[in-house]
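*Asks:* Please see the structure below; I have some questions.
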Amino acid sequence: FKAAGKLADPPSPTAPDTHLLPSATTKIKSNPDSLVFDTLFRHGKLSLEHLAKEVQWEVNFEEDYGDLRSFLNSYKVLFLVNPATTEVVLRRSRRPKAHRPMTLQLMPEYHSCAYTSVCEQFDLRILEGIYKRRGLTTNLMDGVLGVRFEGFFEMFLFQNGAVVWWGANREDHWIVEDDFTNQDVVSEAAVINRHTVSEINTLYPKWSTYRIDPNMDMVPGEDNTEVFATFRERLELDHFRIPANSKRFPSAETESKMAISFAMAAASKADFFEYVTLTTGDQIGTMTSKTGLLEHLVGSKRLSAPWMLEGELRNAQLMMAFITDEPDFLWEKPYLQEFVTSTMDLFSVENRREYFNNKCDAQFQLIDSITERRHRIFMMRSDFFLIIILALDVCVLLFKLTLVMYVKGSVFYKEWDPADW
(Lines give C-alpha, C1' and ligand atoms only; values in the text may rest on other atoms or scores of the structure.)
Protein backbone atom coordinates (compact mmCIF):
# COMPACT_ATOMS: atom_id res chain seq x y z
CA PHE A 1 0.00 0.00 0.00
CA LYS A 2 2.69 2.48 1.04
CA ALA A 3 5.22 1.38 -1.54
CA ALA A 4 2.75 1.60 -4.39
CA GLY A 5 1.63 5.11 -3.45
CA LYS A 6 -1.92 4.36 -4.60
CA LEU A 7 -4.89 2.35 -3.53
CA ALA A 8 -5.18 -1.16 -4.91
CA ASP A 9 -7.18 -4.26 -4.10
CA PRO A 10 -5.15 -7.02 -2.42
CA PRO A 11 -4.51 -10.03 -4.67
CA SER A 12 -6.09 -13.38 -4.02
CA PRO A 13 -4.38 -15.73 -1.52
CA THR A 14 -3.30 -17.94 -4.46
CA ALA A 15 -1.31 -15.15 -6.14
CA PRO A 16 2.50 -15.51 -6.12
CA ASP A 17 4.01 -14.10 -2.94
CA THR A 18 6.44 -11.29 -3.75
CA HIS A 19 6.73 -9.96 -0.17
CA LEU A 20 9.52 -11.16 2.08
CA LEU A 21 8.51 -11.16 5.73
CA PRO A 22 11.10 -10.31 8.39
CA SER A 23 12.07 -13.04 10.77
CA ALA A 24 9.49 -13.54 13.50
CA THR A 25 12.27 -13.90 16.10
CA THR A 26 13.83 -10.53 15.20
CA LYS A 27 13.01 -7.65 17.54
CA ILE A 28 11.40 -5.11 15.22
CA LYS A 29 11.88 -1.50 16.26
CA SER A 30 9.89 0.13 13.47
CA ASN A 31 6.15 0.66 13.28
CA PRO A 32 4.51 -2.78 12.94
CA ASP A 33 1.91 -1.68 10.38
CA SER A 34 4.08 -2.85 7.47
CA LEU A 35 4.58 -6.29 9.01
CA VAL A 36 0.86 -6.70 9.73
CA PHE A 37 0.03 -5.50 6.22
CA ASP A 38 2.46 -7.97 4.60
CA THR A 39 1.14 -10.82 6.74
CA LEU A 40 -2.47 -10.15 5.71
CA PHE A 41 -1.37 -9.56 2.12
CA ARG A 42 0.14 -13.04 2.16
CA HIS A 43 -2.73 -14.92 3.87
CA GLY A 44 -5.77 -12.95 2.72
CA LYS A 45 -7.48 -13.00 6.11
CA LEU A 46 -6.60 -14.23 9.58
CA SER A 47 -8.24 -14.39 12.96
CA LEU A 48 -7.06 -11.90 15.54
CA GLU A 49 -5.39 -14.67 17.56
CA HIS A 50 -3.68 -16.22 14.54
CA LEU A 51 -2.43 -12.81 13.35
CA ALA A 52 -0.95 -12.10 16.79
CA LYS A 53 0.96 -15.40 16.64
CA GLU A 54 2.18 -14.75 13.09
CA VAL A 55 3.80 -11.44 13.99
CA GLN A 56 4.58 -12.45 17.62
CA TRP A 57 2.74 -9.37 18.84
CA GLU A 58 3.18 -9.99 22.57
CA VAL A 59 6.94 -10.36 22.24
CA ASN A 60 7.71 -7.63 19.72
CA PHE A 61 5.08 -4.90 19.98
CA GLU A 62 2.62 -5.14 22.87
CA GLU A 63 4.82 -3.18 25.28
CA ASP A 64 5.05 -0.19 22.90
CA TYR A 65 1.71 -0.34 21.03
CA GLY A 66 -0.75 -2.02 23.42
CA ASP A 67 -3.08 -4.83 22.39
CA LEU A 68 -3.37 -5.80 18.73
CA ARG A 69 -7.08 -5.00 18.34
CA SER A 70 -6.63 -1.38 19.47
CA PHE A 71 -3.69 -1.02 17.11
CA LEU A 72 -5.74 -2.32 14.15
CA ASN A 73 -8.62 0.02 15.01
CA SER A 74 -6.20 2.96 14.85
CA TYR A 75 -5.41 1.92 11.26
CA LYS A 76 -8.95 1.65 9.91
CA VAL A 77 -7.81 2.98 6.58
CA LEU A 78 -5.79 -0.23 6.12
CA PHE A 79 -7.30 -2.99 8.25
CA LEU A 80 -10.85 -4.14 8.93
CA VAL A 81 -11.72 -6.22 12.03
CA ASN A 82 -14.96 -8.21 11.96
CA PRO A 83 -16.58 -7.60 15.39
CA ALA A 84 -18.47 -10.90 15.25
CA THR A 85 -15.76 -13.35 14.11
CA THR A 86 -12.64 -11.24 14.97
CA GLU A 87 -11.30 -11.94 11.48
CA VAL A 88 -8.89 -9.32 10.13
CA VAL A 89 -8.66 -8.45 6.43
CA LEU A 90 -7.08 -5.73 4.34
CA ARG A 91 -9.58 -3.02 3.63
CA ARG A 92 -10.52 -2.85 -0.03
CA SER A 93 -11.28 0.24 -2.04
CA ARG A 94 -14.96 1.09 -2.31
CA ARG A 95 -15.45 0.54 -5.99
CA PRO A 96 -18.72 1.79 -7.52
CA LYS A 97 -21.19 -0.99 -8.19
CA ALA A 98 -23.15 -1.42 -11.39
CA HIS A 99 -26.40 -0.11 -9.91
CA ARG A 100 -24.74 3.05 -8.59
CA PRO A 101 -24.40 6.21 -10.66
CA MET A 102 -21.16 6.31 -12.62
CA THR A 103 -18.38 8.24 -10.89
CA LEU A 104 -17.15 11.31 -12.73
CA GLN A 105 -14.16 10.30 -14.84
CA LEU A 106 -11.44 12.93 -15.17
CA MET A 107 -8.64 13.24 -17.69
CA PRO A 108 -5.30 11.90 -16.39
CA GLU A 109 -3.83 15.35 -15.74
CA TYR A 110 -6.93 16.51 -13.83
CA HIS A 111 -7.54 15.67 -10.17
CA SER A 112 -10.23 16.18 -7.55
CA CYS A 113 -10.16 18.25 -4.39
CA ALA A 114 -12.80 18.56 -1.69
CA TYR A 115 -13.52 20.56 1.45
CA THR A 116 -15.93 20.42 4.37
CA SER A 117 -16.46 21.58 7.95
CA VAL A 118 -16.38 18.72 10.46
CA CYS A 119 -16.41 20.32 13.91
CA GLU A 120 -15.87 23.56 15.81
CA GLN A 121 -12.20 22.92 16.47
CA PHE A 122 -9.37 20.45 15.77
CA ASP A 123 -6.55 19.61 18.17
CA LEU A 124 -3.88 19.62 15.48
CA ARG A 125 -1.13 18.21 17.69
CA ILE A 126 -3.11 15.06 18.42
CA LEU A 127 -3.90 14.65 14.73
CA GLU A 128 -0.25 15.19 13.84
CA GLY A 129 0.74 12.31 16.12
CA ILE A 130 -1.96 10.05 14.67
CA TYR A 131 -0.88 10.60 11.07
CA LYS A 132 2.80 10.27 11.93
CA ARG A 133 2.09 6.84 13.46
CA ARG A 134 0.41 5.89 10.21
CA GLY A 135 3.61 6.64 8.33
CA LEU A 136 2.34 9.80 6.60
CA THR A 137 4.37 12.98 6.16
CA THR A 138 3.10 15.80 8.39
CA ASN A 139 3.93 19.49 8.75
CA LEU A 140 2.34 21.63 11.48
CA MET A 141 2.90 25.36 11.20
CA ASP A 142 0.91 28.57 11.75
CA GLY A 143 -2.29 26.80 12.73
CA VAL A 144 -2.33 24.55 9.65
CA LEU A 145 -1.56 20.81 9.64
CA GLY A 146 -0.39 19.48 6.29
CA VAL A 147 -0.61 15.70 5.77
CA ARG A 148 0.88 14.07 2.70
CA PHE A 149 0.80 10.55 1.29
CA GLU A 150 3.30 10.76 -1.53
CA GLY A 151 1.77 10.05 -4.92
CA PHE A 152 -1.78 9.71 -3.62
CA PHE A 153 -3.23 12.63 -1.66
CA GLU A 154 -2.48 15.75 0.34
CA MET A 155 -4.63 17.10 3.15
CA PHE A 156 -4.78 20.38 5.09
CA LEU A 157 -6.50 20.63 8.47
CA PHE A 158 -7.30 23.94 10.15
CA GLN A 159 -7.93 24.77 13.80
CA ASN A 160 -11.45 25.97 13.00
CA GLY A 161 -12.54 22.39 12.22
CA ALA A 162 -12.28 22.56 8.41
CA VAL A 163 -10.46 19.96 6.30
CA VAL A 164 -9.41 20.17 2.64
CA TRP A 165 -8.28 17.16 0.53
CA TRP A 166 -6.25 17.24 -2.65
CA GLY A 167 -5.77 14.27 -4.94
CA ALA A 168 -8.04 11.66 -3.33
CA ASN A 169 -10.28 10.56 -6.20
CA ARG A 170 -13.96 10.33 -5.47
CA GLU A 171 -14.40 6.57 -5.42
CA ASP A 172 -11.43 6.05 -3.05
CA HIS A 173 -12.19 9.04 -0.84
CA TRP A 174 -13.04 6.76 2.10
CA ILE A 175 -9.35 6.49 3.03
CA VAL A 176 -9.39 10.06 4.35
CA GLU A 177 -13.05 10.54 5.22
CA ASP A 178 -13.44 7.79 7.86
CA ASP A 179 -11.57 9.80 10.49
CA PHE A 180 -14.14 12.60 10.29
CA THR A 181 -17.51 11.01 9.44
CA ASN A 182 -17.45 8.10 11.93
CA GLN A 183 -18.01 8.63 15.64
CA ASP A 184 -15.96 5.63 16.83
CA VAL A 185 -12.53 6.52 15.48
CA VAL A 186 -9.10 6.95 16.96
CA SER A 187 -9.13 10.67 16.13
CA GLU A 188 -12.20 11.31 18.31
CA ALA A 189 -10.10 13.08 21.00
CA ALA A 190 -8.83 15.57 18.40
CA VAL A 191 -12.31 16.42 17.05
CA ILE A 192 -13.86 18.98 19.42
CA ASN A 193 -17.64 19.56 19.26
CA ARG A 194 -18.21 17.47 16.16
CA HIS A 195 -21.13 18.50 13.97
CA THR A 196 -24.15 16.22 14.06
CA VAL A 197 -24.42 13.36 11.57
CA SER A 198 -27.21 15.14 9.68
CA GLU A 199 -25.10 18.30 9.40
CA ILE A 200 -22.06 16.39 8.13
CA ASN A 201 -24.16 14.45 5.62
CA THR A 202 -25.75 17.68 4.36
CA LEU A 203 -22.49 19.58 3.93
CA TYR A 204 -20.04 16.78 3.06
CA PRO A 205 -18.09 17.22 0.84
CA LYS A 206 -17.93 20.00 -1.78
CA TRP A 207 -15.91 18.96 -4.84
CA SER A 208 -13.73 20.90 -7.28
CA THR A 209 -11.01 19.98 -9.76
CA TYR A 210 -7.41 21.04 -10.19
CA ARG A 211 -4.44 20.56 -12.46
CA ILE A 212 -0.70 20.97 -11.90
CA ASP A 213 0.41 23.36 -14.65
CA PRO A 214 4.15 23.15 -15.51
CA ASN A 215 3.84 26.40 -17.49
CA MET A 216 3.05 28.41 -14.35
CA ASP A 217 6.56 29.39 -13.27
CA MET A 218 6.06 31.07 -9.90
CA VAL A 219 9.03 32.60 -8.05
CA PRO A 220 8.71 34.31 -4.63
CA GLY A 221 9.72 37.95 -4.64
CA GLU A 222 9.36 38.37 -8.40
CA ASP A 223 6.53 39.61 -10.61
CA ASN A 224 4.01 36.74 -10.81
CA THR A 225 1.26 38.64 -12.61
CA GLU A 226 1.03 36.11 -15.44
CA VAL A 227 0.88 33.21 -12.97
CA PHE A 228 -2.09 34.72 -11.12
CA ALA A 229 -3.80 35.65 -14.38
CA THR A 230 -3.53 32.02 -15.47
CA PHE A 231 -4.81 30.91 -12.06
CA ARG A 232 -7.96 33.07 -12.39
CA GLU A 233 -8.82 31.84 -15.91
CA ARG A 234 -10.83 28.75 -14.86
CA LEU A 235 -11.97 29.76 -11.39
CA GLU A 236 -15.57 30.29 -12.52
CA LEU A 237 -15.67 26.56 -13.31
CA ASP A 238 -14.39 25.64 -9.83
CA HIS A 239 -11.13 24.54 -11.41
CA PHE A 240 -7.75 25.44 -9.93
CA ARG A 241 -4.52 25.60 -11.91
CA ILE A 242 -1.64 25.01 -9.52
CA PRO A 243 1.97 26.09 -10.20
CA ALA A 244 4.33 23.13 -10.55
CA ASN A 245 7.45 22.77 -8.42
CA SER A 246 10.59 24.21 -9.98
CA LYS A 247 14.25 24.60 -9.11
CA ARG A 248 13.69 28.23 -8.14
CA PHE A 249 10.57 27.39 -6.08
CA PRO A 250 10.64 23.68 -5.07
CA SER A 251 7.57 23.96 -2.78
CA ALA A 252 5.34 25.91 -5.17
CA GLU A 253 2.68 23.19 -5.41
CA THR A 254 2.27 22.59 -1.66
CA GLU A 255 2.35 26.27 -0.67
CA SER A 256 -0.17 27.22 -3.37
CA LYS A 257 -2.50 24.42 -2.23
CA MET A 258 -2.18 25.59 1.38
CA ALA A 259 -3.17 29.15 0.47
CA ILE A 260 -6.13 27.99 -1.63
CA SER A 261 -7.11 25.54 1.12
CA PHE A 262 -7.36 28.38 3.64
CA ALA A 263 -9.96 30.10 1.44
CA MET A 264 -11.79 26.80 0.87
CA ALA A 265 -11.84 26.23 4.65
CA ALA A 266 -13.40 29.67 5.10
CA ALA A 267 -16.03 28.73 2.49
CA SER A 268 -16.77 25.49 4.37
CA LYS A 269 -17.41 27.43 7.60
CA ALA A 270 -19.65 29.84 5.70
CA ASP A 271 -21.60 26.80 4.40
CA PHE A 272 -22.01 25.48 7.94
CA PHE A 273 -23.11 28.77 9.50
CA GLU A 274 -25.62 29.33 6.70
CA TYR A 275 -27.00 25.89 7.52
CA VAL A 276 -27.22 26.96 11.19
CA THR A 277 -29.38 29.97 10.27
CA LEU A 278 -31.67 27.70 8.23
CA THR A 279 -32.25 25.34 11.16
CA THR A 280 -32.70 28.15 13.69
CA GLY A 281 -35.08 29.89 11.29
CA ASP A 282 -37.24 26.76 11.13
CA GLN A 283 -37.28 26.53 14.94
CA ILE A 284 -38.20 30.20 15.29
CA GLY A 285 -41.04 29.62 12.82
CA THR A 286 -42.46 26.83 14.99
CA MET A 287 -42.24 29.08 18.06
CA THR A 288 -44.23 31.91 16.49
CA SER A 289 -46.99 29.49 15.48
CA LYS A 290 -47.18 27.69 18.85
CA THR A 291 -46.78 30.51 21.33
CA GLY A 292 -50.09 31.11 23.07
CA LEU A 293 -51.77 31.42 26.46
CA LEU A 294 -52.81 27.75 26.54
CA GLU A 295 -49.19 26.65 26.07
CA HIS A 296 -48.15 28.66 29.11
CA LEU A 297 -51.05 27.41 31.17
CA VAL A 298 -50.09 23.80 30.45
CA GLY A 299 -46.33 24.26 30.97
CA SER A 300 -43.45 26.55 30.17
CA LYS A 301 -40.70 24.09 29.13
CA ARG A 302 -40.28 25.93 25.81
CA LEU A 303 -39.95 29.27 27.57
CA SER A 304 -36.12 29.15 27.50
CA ALA A 305 -35.89 28.13 23.83
CA PRO A 306 -35.60 31.70 22.41
CA TRP A 307 -32.63 32.43 24.67
CA MET A 308 -30.98 29.14 23.66
CA LEU A 309 -31.36 29.93 19.95
CA GLU A 310 -30.09 33.45 20.46
CA GLY A 311 -26.99 32.09 22.22
CA GLU A 312 -26.38 29.65 19.36
CA LEU A 313 -26.67 32.44 16.78
CA ARG A 314 -24.44 34.79 18.78
CA ASN A 315 -21.78 32.08 18.99
CA ALA A 316 -22.01 31.41 15.24
CA GLN A 317 -21.85 35.12 14.47
CA LEU A 318 -18.73 35.48 16.61
CA MET A 319 -16.96 32.59 14.87
CA MET A 320 -18.10 33.80 11.45
CA ALA A 321 -16.37 37.12 12.12
CA PHE A 322 -12.95 35.41 12.14
CA ILE A 323 -13.15 33.28 8.99
CA THR A 324 -11.75 36.02 6.75
CA ASP A 325 -8.92 37.04 9.08
CA GLU A 326 -5.54 37.01 7.37
CA PRO A 327 -3.79 33.68 7.99
CA ASP A 328 -0.50 33.68 9.89
CA PHE A 329 1.48 32.09 7.06
CA LEU A 330 0.93 35.18 4.87
CA TRP A 331 3.22 37.17 7.18
CA GLU A 332 6.13 35.00 6.02
CA LYS A 333 4.76 34.21 2.55
CA PRO A 334 3.04 37.37 1.26
CA TYR A 335 3.43 36.15 -2.33
CA LEU A 336 0.54 33.72 -1.66
CA GLN A 337 -1.94 36.53 -0.96
CA GLU A 338 -3.41 36.49 -4.47
CA PHE A 339 -4.31 32.79 -4.18
CA VAL A 340 -6.23 33.48 -0.96
CA THR A 341 -7.97 36.61 -2.27
CA SER A 342 -9.01 35.12 -5.63
CA THR A 343 -10.37 31.94 -4.04
CA MET A 344 -12.24 33.97 -1.40
CA ASP A 345 -13.83 35.97 -4.23
CA LEU A 346 -14.70 32.75 -6.06
CA PHE A 347 -16.72 31.45 -3.10
CA SER A 348 -18.04 34.97 -2.24
CA VAL A 349 -16.97 34.48 1.37
CA GLU A 350 -17.10 38.16 2.33
CA ASN A 351 -20.54 38.69 0.75
CA ARG A 352 -21.84 35.54 2.42
CA ARG A 353 -20.57 36.76 5.77
CA GLU A 354 -22.46 40.04 5.36
CA TYR A 355 -25.57 38.13 4.29
CA PHE A 356 -25.18 35.85 7.31
CA ASN A 357 -24.93 38.84 9.68
CA ASN A 358 -28.04 40.42 8.14
CA LYS A 359 -29.94 37.16 8.46
CA CYS A 360 -28.85 36.82 12.08
CA ASP A 361 -30.02 40.38 12.80
CA ALA A 362 -33.43 39.56 11.32
CA GLN A 363 -33.66 36.41 13.44
CA PHE A 364 -32.62 38.39 16.54
CA GLN A 365 -35.54 40.73 15.92
CA LEU A 366 -37.90 37.78 15.65
CA ILE A 367 -36.50 36.32 18.86
CA ASP A 368 -36.94 39.68 20.63
CA SER A 369 -40.57 39.88 19.48
CA ILE A 370 -41.20 36.29 20.61
CA THR A 371 -39.56 37.02 23.96
CA GLU A 372 -41.61 40.17 24.46
CA ARG A 373 -44.82 38.36 23.54
CA ARG A 374 -44.02 35.52 25.90
CA HIS A 375 -43.35 38.01 28.67
CA ARG A 376 -46.76 39.60 28.10
CA ILE A 377 -48.40 36.18 28.09
CA PHE A 378 -46.52 35.30 31.27
CA MET A 379 -47.89 38.44 32.95
CA MET A 380 -51.37 37.57 31.65
CA ARG A 381 -50.96 34.11 33.17
CA SER A 382 -50.06 35.68 36.53
CA ASP A 383 -53.11 37.94 36.39
CA PHE A 384 -55.26 35.00 35.34
CA PHE A 385 -54.20 32.90 38.33
CA LEU A 386 -54.67 35.89 40.67
CA ILE A 387 -58.24 36.31 39.42
CA ILE A 388 -58.90 32.60 39.96
CA ILE A 389 -57.56 32.80 43.54
CA LEU A 390 -59.73 35.83 44.32
CA ALA A 391 -62.78 34.10 42.83
CA LEU A 392 -62.12 31.00 44.96
CA ASP A 393 -61.75 33.18 48.06
CA VAL A 394 -65.11 34.85 47.36
CA CYS A 395 -66.72 31.45 46.84
CA VAL A 396 -65.37 30.20 50.18
CA LEU A 397 -66.66 33.28 52.00
CA LEU A 398 -70.11 32.90 50.41
CA PHE A 399 -70.16 29.22 51.34
CA LYS A 400 -69.26 30.02 54.95
CA LEU A 401 -71.94 32.72 55.09
CA THR A 402 -74.51 30.24 53.83
CA LEU A 403 -73.53 27.77 56.56
CA VAL A 404 -73.78 30.45 59.23
CA MET A 405 -77.20 31.64 58.15
CA TYR A 406 -79.11 28.60 56.96
CA VAL A 407 -77.54 25.28 58.00
CA LYS A 408 -78.58 24.53 61.62
CA GLY A 409 -76.37 21.46 61.99
CA SER A 410 -73.28 23.39 60.98
CA VAL A 411 -70.71 24.52 63.55
CA PHE A 412 -70.98 27.92 62.00
CA TYR A 413 -74.77 28.18 62.44
CA LYS A 414 -76.00 30.93 64.73
CA GLU A 415 -79.49 31.76 65.91
CA TRP A 416 -80.20 35.31 65.01
CA ASP A 417 -82.28 37.49 67.32
CA PRO A 418 -84.45 39.98 65.45
CA ALA A 419 -83.36 42.53 68.00
CA ASP A 420 -79.82 42.14 66.69
CA TRP A 421 -80.96 43.47 63.41
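The values are calculated or read from the model by the stated rules, or taken from the named source; none is laboratory data. Being a predicted model, the structure only gives us computed values, none of them experimental. Every residue, glycine as well, gets a Cβ built from its backbone with ideal geometry; the counts of neighbours run over all protein chains shown. Areas reflect the complete protein model, heavy atoms only, side chains present, ligands, DNA and RNA absent. Shrake-Rupley method; radii C 1.70, N 1.55, O 1.52, S 1.80 Å.
*Asks:* Select from segment 236-252 the residues that are assigned to a helix (DSSP H, G or I), open to solvent by 30 Å² or more (accessible area, probe 1.4 Å) and without any contact (Cβ under 8 Å) to a residue 60 or more places away in the chain and list them in ascending order.
*Replies:* Leu237, the sole residue that qualifies.
A quick yes/no check of all residues on (1) modelled with pLDDT of 50 or more; (2) of a type in the set (D, E, K, R); (3) within 24 Å of Gly129 (Cβ to Cβ); (4) touching a helix residue (DSSP H, G or I) at 6+ places or on another chain (Cβ under 8 Å):
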{"site": "Asp9", "(1), (2), (3), (4)": "no, yes, no, no"}
{"site": "Ala15", "(1), (2), (3), (4)": "no, no, no, no"}
{"site": "Lys45", "(1), (2), (3), (4)": "yes, yes, no, no"}
{"site": "Glu49", "(1), (2), (3), (4)": "yes, yes, no, no"}
{"site": "Val55", "(1), (2), (3), (4)": "yes, no, yes, yes"}
{"site": "Asn73", "(1), (2), (3), (4)": "yes, no, yes, yes"}
{"site": "Leu80", "(1), (2), (3), (4)": "yes, no, yes, no"}
{"site": "Ala84", "(1), (2), (3), (4)": "yes, no, no, no"}
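*Asks:* Please work out which residue is least open to solvent (accessible area, probe 1.4 Å), limiting yourself to segment 369-388 and to residues that are in contact with a helix residue (DSSP H, G or I) (Cβ under 8 Å, 6 or more places away or on another chain) and of a type in the set (Lys, Arg).
*Replies:* Residue satisfying both the conditions and the ranking: Arg374.
To keep it simple, each residue is scored yes or no on (1) under 27 Å from Phe231 (Cα atoms); (2) modelled with pLDDT under 85; (3) in a helix (DSSP H, G or I); (4) within 28 Å of the chain's Cα centre (by Cα).
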residue: Leu318; (1), (2), (3), (4): no, yes, yes, yes
residue: Thr324; (1), (2), (3), (4): yes, yes, no, yes
residue: Phe339; (1), (2), (3), (4): yes, no, yes, yes
residue: Arg352; (1), (2), (3), (4): yes, no, yes, yes
residue: Asp368; (1), (2), (3), (4): no, yes, yes, no
residue: Glu372; (1), (2), (3), (4): no, yes, yes, no
residue: Phe378; (1), (2), (3), (4): no, yes, yes, no
residue: Ile389; (1), (2), (3), (4): no, no, yes, no
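*Asks:* Which ones in segment 122-146 are at pLDDT 90 or above and assigned to a strand (DSSP E or B)?
*Replies:* Phe122, Thr138, Asn139, Leu140, Val144, Leu145, Gly146, listed by residue number.
*Asks:* Exactly one condition in (1) surrounded by fewer than 21 Cβ atoms within 10 Å (Cβ to Cβ); (2) touching a strand residue (DSSP E or B) at 6+ places or on another chain (Cβ under 8 Å); (3) under 30 Å from Ile200 (Cβ atoms) is false for Gly281; which is it?
*Replies:* Among (1) surrounded by fewer than 21 Cβ atoms within 10 Å (Cβ to Cβ); (2) touching a strand residue (DSSP E or B) at 6+ places or on another chain (Cβ under 8 Å); (3) under 30 Å from Ile200 (Cβ atoms), Gly281 violates only (2).
*Asks:* Do we have any residue at all in segment 218-235 that's in a strand (DSSP E or B), crowded, with 17+ Cβ neighbours inside 10 Å and in contact with a Phe, Trp or Tyr (Cβ under 9 Å, 6 or more places away or on another chain)? Can you show your working first?
*Replies:* Step one: filter segment 218-235 for residues in a strand (DSSP E or B), giving none.
Scanning segment 218-235 turns up no residue that is in a strand (DSSP E or B), crowded, with 17+ Cβ neighbours inside 10 Å and in contact with a Phe, Trp or Tyr (Cβ under 9 Å, 6 or more places away or on another chain).
*Asks:* Follow-up question, since we're still on this one. Val118 - would you say it is of a type in the set (Val, Ile, Thr), modelled with pLDDT of 85 or more, surrounded by 14 or more Cβ atoms within 10 Å (Cβ to Cβ) and in contact with a helix residue (DSSP H, G or I) (Cβ under 7 Å, 6 or more places away or on another chain)? Before the answer, list the steps.
*Replies:* Values: of a type in the set (Val, Ile, Thr): yes; modelled with pLDDT of 85 or more: yes; surrounded by 14 or more Cβ atoms within 10 Å (Cβ to Cβ): yes; in contact with a helix residue (DSSP H, G or I) (Cβ under 7 Å, 6 or more places away or on another chain): yes.
Yes, satisfied.
*Asks:* Any residue at all in segment 342-352 that is among the polar types (S, T, N, Q), exposed (fewer than 13 other Cβ atoms within 10 Å of the Cβ) and at negative phi? Walk me through how you get there before you give the answer.
*Replies:* Residues of segment 342-352 that are among the polar types (S, T, N, Q), as a first pass: 342-343, 348, 351.
Filter once more, keeping what is exposed (fewer than 13 other Cβ atoms within 10 Å of the Cβ): 351.
Next, only the ones that are at negative phi stay: 351.
Scanning segment 342-352, I find at least one residue that is among the polar types (S, T, N, Q), exposed (fewer than 13 other Cβ atoms within 10 Å of the Cβ) and at negative phi, so the answer is yes.
*Asks:* Search segment 26-43 for residues being open to solvent by 40 Å² or more (accessible area, probe 1.4 Å) and of a type in the set (S, T, N, Q), and hand back the single one that is modelled with the highest pLDDT. Reasoning before the result, please.
*Replies:* If we filter segment 26-43 for residues that are open to solvent by 40 Å² or more (accessible area, probe 1.4 Å), which is where we start, we get 26-27, 29-31, 34, 41-43.
Those still in the list that are of a type in the set (S, T, N, Q) too: 26, 30-31, 34.
On the way: Thr26: 37, Ser30: 53, Asn31: 63, Ser34: 76.
Applying the filter and picking the extreme gives Ser34.
*Asks:* Can you work out which of the residues in segment 356-368 that are without any contact (Cβ under 8 Å) to a residue 24 or more places away in the chain and open to solvent by 60 Å² or more (accessible area, probe 1.4 Å) is farthest from Gly221 (Cα to Cα)?
*Replies:* Taking segment 356-368 and keeping what is without any contact (Cβ under 8 Å) to a residue 24 or more places away in the chain, we get 358, 361-362, 365, 368.
Pick out the ones that are also open to solvent by 60 Å² or more (accessible area, probe 1.4 Å) and you get 358, 361, 365, 368.
Details: Asn358: 40, Asp361: 43, Gln365: 50, Asp368: 53 Å.
Ranking the candidates gives Asp368 first.
*Asks:* Right, something else. Can you pull out the residues in segment 324-336 that are open to solvent by less than 70 Å² (accessible area, probe 1.4 Å) and within 19 Å of Gly221 (Cβ to Cβ)?
*Replies:* Phe329, Leu330, Lys333, Tyr335, Leu336
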